[in-house]
Amino acid sequence: MNRVVISCGGTGGHLSPGIALAEGLAARGDRAVLLISRRRVDAELSGRYPGLEFVAMPGDGFSWRPGALARFLLSQAGAIRVCWRVLRRERPIAVVGFGGKVFTGQHPYRKRAGVVAESIAQLSQYEALEPGDLIMTGTPEGVAAVVRGDVMQGHVDGVGEITITVR
């Protein structure tokens, strides 16, 4: 049984593909642990998948105000501790991250949470998905587009890293 840690919290648009990946891994007999935020959107969506393991990570927003900055730094230290515990316990063959782009305000992902996971699940019924497959799903209207200068990164232990800068 392979073990994979998936970092995917913060919005439904990050969590949904993480859930789809975890379900695909589970169907193959592998194990996935999903690292999510403590935000309501993550709690609501993860609650729909009792068969998956979710770990809610501490996290406070960044601010230069002294009290808020202290809370931010403490929450980051707490998140690092939680990550190390999960990594030591699981000894994963891969760590997969979804997200990394900062969004603000309300986005359609919150209303459409689960759509990406459902799309991937439907696709996998007709086509065997293999490691390294890329699925292009598009972005709902109203969500910030990928723009020049955005950096996308991926890493799989034993396979390598990829960094793509949008030009």
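Values in this text are rule-based calculations from the coordinates and carry no lab data. Given the structure is predicted, the values throughout are model-derived calculations rather than measurements. Here the Cβ positions follow ideal geometry from the backbone for every residue, glycine too, while neighbour counts run over all protein chains shown.
Close amide H pairs (under 5 Å, H built 1.01 Å from N) link residue 2 with 31, residues at least 5 positions away or on another chain. In terms of other Cβ atoms within 10 Å, 54, 72 run from fewest to most in the order 72, 54.
Scaling against 2.2 N^0.38 Å puts the C-alpha radius of gyration of the stretch 50-103 at 1.38.
The slack in the chain from residue 167 to residue 148, taken as 0.36 nm per residue of separation less the alpha-carbon distance, amounts to 6.4 nm.
Footprinting exposure proxy ranking of 57, 1, fewest other C-beta atoms within 10 angstrom first, gives 1, 57.
Note on residue 80 and residue 2: the model spin-label points, each 7 Å out from Cα along the C-beta direction, lie 3.0 nm apart.
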